[in-house]
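Contents: one structure, followed by commentary.
Any read-out appearing in this document is the output of simple, stated calculations on the displayed coordinates, not a laboratory observation. Everything quoted here is computed from the prediction, not taken from an experiment. FYI the Cβ positions are ideal-geometry reconstructions off the backbone, even for glycines, and counts take in every protein chain you see.
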Amino acid sequence: MAIQAIRLFGDPVLRTPAAPVVDFDKELRKLVKDLTDTMMDAPGAGLAAPQIGVGLRVFTYYVDDQLGHLINPDLDLSDELDEEGEEGCLSFPGLSYPTPRAVRAVAKGFDMHGEPVVLEGTDLMARCFQHETDHLDGILFIDRMDLKQRKLAMKAIREAEWTGAAAPTFKLSPHATGGRAL
Ligand SMILES: [Zn+2]
């Protein structure tokens with residue numbers, strides 16, 4: 001089995017920006033497989049490499065029955081926002097909150113063989129691309145919530161059963177910047 005432990009909020013790896021992939025080699029293909037297996041087992045709609053402790057710019061997704069991965073993603077976002085959509089995160093088990101995201105995203109990057117890929121997503125797929133790319137920059141969904149939601153989320157995090165498992169710290173960025181978790 002290639003299922004890996006999912007890192008929880010409080011683990012410093014989730015706040016560390018990931019490095020671009022340079023070598024499209026066997027190791028990278030194993031990472032994509034580990035991410036895919038771990039995401040499907042969770043189950044989740046998306047998983048980024050830092051969530052399994054690997055600091056590389058790689059994520060996988062499983063949204064609307066579409067399974068895939070993207071390496072070194074670069075996003076173009078619509079101006080139109082979905083303010084109300086609920087979002088969860090596998091690194092914050094059991095919690096989901098309305099989180100503003102662009103409605104449409106075009107994600108450019110590479111597949112595991114180094115071939116250029118362009119993916120277009122709307123709604124949940126677009127939300128997934130934004131959530132996972134944020135993970136690669138050390139940004140978490142609580143950073144994207146409005147102040148009121150973030151306060152609710154932090155209270156729930158402090159009370160969550162898994163809190164303390166990874167010695168969480170509660171430092172938050174001062175910049176505010178349904179279904180399966182991401
Ligand atoms: Zn997440």
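Table for the structure above
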{"item": "Some residue of the range 75-85 being under 30 Å from residue 151 (Cβ atoms) and under 15 Å from the mean Cα position of the chain (by Cα)", "result": "yes"}
{"item": "Residue count, the range 83-129 (criterion: within 15 Å of the ligand (Cβ to nearest atom) and charged (D, E, K, R))", "result": "4"}
{"item": "Every residue from the range 111-124 that is surrounded by fewer than 19 Cβ atoms within 10 Å (Cβ to Cβ) and not aliphatic (A, V, I, L, M)", "result": "111, 113, 114, 115, 116, 120, 122, 123"}
{"item": "Restricting the range 135-154 to residues that are out of contact with any strand residue (DSSP E or B) (no Cβ under 7 Å at 6 or more places or on another chain) and closer than 14 Å to residue 181 by Cα, the residue that is farthest from the ligand (Cβ to nearest atom)", "result": "142"}
{"item": "Flag if residue 22 is surrounded by fewer than 18 Cβ atoms within 10 Å (Cβ to Cβ), of a type in the set (Val, Ile, Thr) and more than 13 Å from the chain's Cα centre (by Cα)", "result": "yes"}
{"item": "Test: residue 65 is among the acidic types (Asp, Glu), under 20 Å from residue 111 (Cβ atoms), out of contact with any helix residue (DSSP H, G or I) (no Cβ under 7 Å at 6 or more places or on another chain) and surrounded by fewer than 20 Cβ atoms within 10 Å (Cβ to Cβ)", "result": "yes"}
{"item": "Of residues in the range 102-157 being assigned to a helix (DSSP H, G or I) and of a type in the set (Gly, Ala, Ser), the one farthest from residue 76 (Cα to Cα)", "result": "156"}
{"item": "Conditions (1) of a type in the set (Val, Ile, Thr); (2) assigned to a loop (DSSP other than H, G, I, E, B); (3) under 21 Å from residue 141 (Cα atoms): number failed by residue 3", "result": "(3)"}
{"item": "Selection count, the range 45-76, where residues are away from the ligand (no atom under 16 Å from the Cβ) and in contact with a Lys or Arg (Cβ under 7 Å, 6 or more places away or on another chain)", "result": "3"}
{"item": "Residues being within 21 Å of residue 119 (Cβ to Cβ), among the hydrophobic types (A, V, I, L, M, F, W, C) and surrounded by 19 or more Cβ atoms within 10 Å (Cβ to Cβ) - total across the range 76-101", "result": "2"}
